[in-house]
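*Asks:* Quick one: this structure, given as structure tokens, is what I'll be asking you about.
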Amino acid sequence: MSLGNIPNDIYVPLVYIDIDNSGAITGTPTLVNKVLVIGQQLASGTATPLSARRIGSSEGDMDAAYGKGSMLTQMLKSFRENNASTDLYALGVADLTGSVASATLTAAVTTANAGVIALLIDGVSVQVAVNDNDTVSTIAAAMMTAINAKDLPVTASVNSDVVTVTCNWKGTTGNDIDIRYNYYDGEVLPTGVSLTVTSMAGGAGTPDISTIVAAIPDEWYNHIVMPYSDTQSLNGLRDELVDRYGPLKMMEGIAYTAMRGTFSETSTWGDARNDYLITCMGTNKTPSSPWAFAAAYGARASYSLAIDPARPLQTLVLTGILPPSKTDRWDWTERNLLLQSGVASYMVTAGDEVAIEREVSTYKVNSYGDPDPSYLDITTPATLGYLRYSLKTMVTNRFPRHKLAGDDVLDFIAPGQPIVTPKIMRKAMIELARIDWVPKGLMEDIEGFKSTLSVYRDTSNQNRLNCVWKPDIVNQLRVFAALTQFKL
């Protein structure tokens, strides 16, 4: 009989020992996660647009590759601030066809007293010194200089004592850059100085999502950070994610984006989407940009889900992201309604930190439009993705070149024969569930799993082994409800 790779017609003595690693792995090999960040780059960047590039930790390299003050550079820095370890790749998008967004800052002076104008642009503090008796011209020039000295997505210029702040790239995204002053407690304008700030506006243009999707390498990116939340862009990415999630490619990926707007705008946006592989954080009027918000959200999620795909993300802090002013924050009712609309929510901690509250997908209804909570939280596709990866690696490691036979041959198979039968595969799957899925807290009800597990040979193709498995994936503690019935 054959034994491994040792032939039967050996006549030369003495010892021949083959080594077979098919039974060496009893659990699941570590899944190394990859993250892809998509964003616009500047012409000053050295990276080739629409070409994936691996990213380390050097902010200088990010600036050089995609341009200092670019959207993509900001996203990569925000990601690394929240996740320093996950394998990160960037896909730069060249400037769009469209127009740039801009805003104005106009100072007025009676008699200026020394102090500081505390600007906050895109969540970055810009301190502008004002001296006694400074004129409007002096203050405008000082604001321009201070703004241009910072690493910001805008560039400032002065004309007729009015400071114009212009986005560094074209597109509607520039309209979401926040500009304000006196954000922090205790900040006040210098006596004798007033300031009028207009909102960023005028940005127009969205990307050609088909070109971007076509440029995504045929590699497994477990998480994708997306700066665009317009319908066309998300539809294109959705189709790509669903295709990758399917049984032929099995490259599960979850996309993270963010949407800036009022409660009404955000809930309307959420109601219009129904994607189980896309999660969008509603940012409200936060000083931080939606693309930085999305990058921080994707960074925290990718790090945590790689450790445990079933563990909820609630309370994880998004470092570097600023909350809205207290008067602008959504209350419990508004956040609850947004979650029902498929918009992920955040809470503000006692330390004024932004933390994930619930990481829902935009999926709410089935193909008939009826309520369907099966993909409510992104932990569900993340867990299912791990289980599928685990099962796939078990089969390819343990049965890479095996013959397939019926269970009736089990009593006659010689030891060492590379044969698998439905019963052997079923036993291997139950063993995997016992030693990996259940101990890791990914699946419950092992007895129910065993009773419903079906492995059988295909009646039309005797070389095919079919399986129907029904893992009862664990849930998350989202709500604790108690009724207090007291007595006097």
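Here, each number is a calculation from the coordinates, and none is a lab measurement. Since we're looking at a predicted model, the values are computed, not measured. Heads up, the Cβs are rebuilt from the backbone with ideal geometry, glycines too, and the neighbour counts pull from every protein chain shown.
*Asks:* Please work out how many pairs of lysine residues in segment 401-488 are eight or more positions apart (or on different chains) and have Cα atoms closer than 30 angstrom.
*Replies:* The result is 13.
*Asks:* Please compute the modelled spin-label separation between Asp352 and Asp151, points set 7 Å along Cα→Cβ, answer in nm with one decimal.
*Replies:* It is 2.2 nm.
*Asks:* Quote the convex hull volume per residue of segment 324-370, based on C-alpha atoms, as a whole number of Å³.
*Replies:* Values: hull volume 3.4 nm³, N = 47.
Per residue, the Cα convex hull of segment 324-370 comes to 72 Å³.
*Asks:* Return the FRET efficiency for the residue pair Ser137, Ser51: r is the Cβ-Cβ distance, R0 is 41 Å, and the value is rounded to the nearest 0.05. Mind showing how you got there, number by number?
*Replies:* On the way: r = 46 Å, r/R0 = 1.11.
Efficiency computed from Cβ-Cβ geometry: 0.35.
*Asks:* If r is the Cβ-Cβ distance from Asn475 to Ala108 and R0 is 60 Å, what FRET efficiency results, to the nearest 0.05? Mind showing how you got there, number by number?
*Replies:* Details: r = 58 Å, r/R0 = 0.97.
For R0 = 60 Å, the calculated efficiency reads 0.55.
*Asks:* In Å and whole numbers, how far do the C-alpha atoms of segment 401-488 stretch along each principal axis, longest first?
*Replies:* 75, 29, 21
*Asks:* Compute the length gained on full extension between Gln232 and Asn397: take 0.36 nm times their separation in residues and subtract their Cα-Cα distance, giving the result in nm to one decimal.
*Replies:* On the way: separation 165, 0.36 × 165 = 59.40 nm, distance 4.11 nm.
Taking 0.36 nm per residue and subtracting the Cα distance, the gain is 55.3 nm.
*Asks:* How many Å³ per residue does the convex hull of the Cα positions in segment 1-82 occupy? It would help to have the intermediate numbers written out before the result.
*Replies:* Working: hull volume 17.5 nm³, N = 82.
Considering the Cα atoms of segment 1-82, their hull volume per residue is 213 Å³.
*Asks:* If you don't mind, another one. So what's the convex hull volume per residue for the Cα atoms of the chain, in Å³? Could you put the intermediate results ahead of the total?
*Replies:* Working: hull volume 111.2 nm³, N = 488.
With only Cα atoms used, the chain gives 228 Å³ per residue.
*Asks:* With the Cα gyration tensor of segment 339-401 in hand, convert its eigenvalues to equivalent ellipsoid semi-axes via √(5λ) and list them largest first in whole Å. If you can, show how the numbers build up before the last one.
*Replies:* Working: eigenvalues 223, 83, 5 Å².
After diagonalising the Cα gyration tensor, the semi-axes are 33, 20, 5 Å.
*Asks:* Based on Cα positions only, what radius of gyration and what Dmax would you give for segment 136-200, in angstroms?
*Replies:* 12.7, 38
*Asks:* Based on DSSP, what percent of beta bridges with both residues in the chain are antiparallel, to the nearest 5?
*Replies:* Given both bridge residues lie in the chain, the antiparallel proportion sits at roughly 70 percent.
*Asks:* Hey, another quick one. Based only on Cα atoms, what mean projected area does the convex hull of segment 101-182 have, in nm²? Don't skip to the answer; put the middle values down first.
*Replies:* Working: hull surface 20.1 nm².
For segment 101-182, averaging the hull's shadow over all directions gives 5.0 nm².
*Asks:* If you don't mind, there's one more thing I want to ask. Can you give the net charge of the other residues whose Cβ lies under 15 Å from the Cβ of Ala43, counting K and R as +1 and D and E as -1?
*Replies:* Values: positive: Lys68, Lys170; negative: Asp63, Asp95.
So the surrounding residues net to 0.
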